[in-house]
Amino acid sequence: MVNWVWQKFVKDFGIDLGTSNSLVYLKGKGIVVNEPSIVALNNKTSQILAVGDSAKKMLGREPTHVSVVRPLVGGVVSDFDITEEIIRQFLNRFKSYPVSYFNRAVVGVPGGLTEVERKSIEDAILGSGIAKVHLIDSTLAAVIGARLPVNEPAANLIVDIGGGTTEIGVISLNGVVATKSLKIAGDRFNSDILDYIREEFRLVIGEPTAEALKIAIGSAMPIEGRLELSIRGRDLSSGLPREVIVKNNQIRLAIGRSLHSIVENIKTVIEATPPELVGDILERGIYLCGGGSLLRGIDQLIKKELSINATIVDDPLTCVVRGVGSIIEDFQKYNHLFAVEAKVRAIKL
């Protein structure tokens, strides 16, 4: 009875703090937040006007006194105060009682972070009201989230193509054998499309339009049939609005170089993997997750270039947060995964 009452007030969270989207897993409830990591800020008063979905609707449409910003860039905290506030606002939605206690958070982070960058994430989480925070490599969390055998002496190669970074990791025996983190992912694809439309059509478009093109007609490989999308932007010559039709092969050309870089980095990670585990990769294949894995034909591209089967995991967008959620649900089972002690919030007397 006492334990049941205690659980009503104490809350443990799993967090996937992404450049594009933040996802929060509440112990006993599942995924409770899946919203863009975007904040709308009043430049005159420094007041936060909107967070998440409501802030994203303002992107590219905001007045001069409002800035729509992403407090995380490439998986790294670029604005500490705003990052802390966005986490606090997400968590406070589930503070059902005035005395609710935010106990523990497990946070998936890119594998290539420096100690300073890791500390900035820890401090932002602790500043939002969490008492203890554990950081875990997002590729390890993704393997758990994909329900792959993380504790076996065999390799699992997972590629998490997110918004700001692509995380590539070989996991065996509860640890990371080889890893690579590169700042080429969904946001870079959008940037490539922006540049291509500007050069090819002499048209300036916003990031939301570039993302819409990527989702609607983007592909990594040639596809049957022809996809096209009509878009509007500002003509570079006249400065007036203009409409053009963009075809799927043009988007594939725009993002081709970035896709090639991702494939080459997967190859680099495989080359750094012990020979016995490379045999496992050939047998088991490569697992893809993250929003970028939803790009048409990206699994086929990897298979074609590396001669290794590539499989997109179930519900790839939530793979990492499901992994940290599994850890939160049975922390004792996964406690050995953390090489360092949890960072604990200092109590001011």
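The values are calculated or read from the model by the stated rules, or taken from the named source; none is laboratory data. Please read these numbers as outputs of a predicted model, since none were measured by experiment. No Cβ is skipped: glycine too gets one built from the backbone with ideal geometry, and neighbour counts run over all protein chains shown.
Does any residue of segment 94-117 turn out to be among the aliphatic types (A, V, I, L, M), assigned by TED's automatic domain parsing to the domain that holds L26, without any contact (Cβ under 8 Å) to a residue 40 or more places away in the chain and not in a loop (DSSP other than H, G, I, E, B)? The answer is yes, given that some residue of segment 94-117 is among the aliphatic types (A, V, I, L, M), assigned by TED's automatic domain parsing to the domain that holds L26, without any contact (Cβ under 8 Å) to a residue 40 or more places away in the chain and not in a loop (DSSP other than H, G, I, E, B). Scanning segment 199-213 turns up no residue that is among the small types (G, A, S) and within 30 Å of V278 (Cβ to Cβ). Taking the listed residues R296, R284, the one that is assigned by TED's automatic domain parsing to the domain that holds A216, farther than 23 Å from N249 by Cβ, surrounded by fewer than 21 Cβ atoms within 10 Å (Cβ to Cβ) and of a type in the set (D, E, K, R) is R284, with no other qualifying.
How about segment 155-178: which of its residues are assigned to a strand (DSSP E or B), among the aliphatic types (A, V, I, L, M) and out of contact with any Lys or Arg (no Cβ under 9 Å at 6 or more places or on another chain)?
Passing the criteria: I158, V159, I161, V170, I171, V176, V177, A178.
Name the residue, out of E152, E200, that is without any contact (Cβ under 8 Å) to a residue 40 or more places away in the chain and either more than 22 Å from N21 (Cβ to Cβ) or in a helix (DSSP H, G or I) (or both). Exactly one residue qualifies, and that residue is E152. Within segment 313-339, residues that are under 19 Å from G186 (Cα atoms) and free of Cβ contacts under 8 Å to residues at least 60 places away in the same chain reach partners that are outside any helix (DSSP H, G or I) and of a type outside the set (G, A, S) with beta carbons closer than 6 Å, at six or more positions or on different chains, in the pairs P316/C289. Restricting attention to segment 49-68, the residues being surrounded by fewer than 17 Cβ atoms within 10 Å (Cβ to Cβ) and closer than 26 Å to V106 by Cβ number 1. Every test in (1) closer than 26 Å to L277 by Cβ; (2) aliphatic (A, V, I, L, M); (3) in contact with a helix residue (DSSP H, G or I) (Cβ under 6 Å, 6 or more places away or on another chain) is passed by I136 save one, and that test is (3). K180 meets each of the listed conditions (1) without any contact (Cβ under 8 Å) to a residue 40 or more places away in the chain; (2) under 20 Å from N265 (Cα atoms); (3) not polar (S, T, N, Q) apart from (1). Using the structure shown, decide if V176 is surrounded by fewer than 21 Cβ atoms within 10 Å (Cβ to Cβ), out of contact with any Cys (no Cβ under 6 Å at 6 or more places or on another chain) and at pLDDT 95 or above. When the stated conditions are applied, V176 does not pass them.
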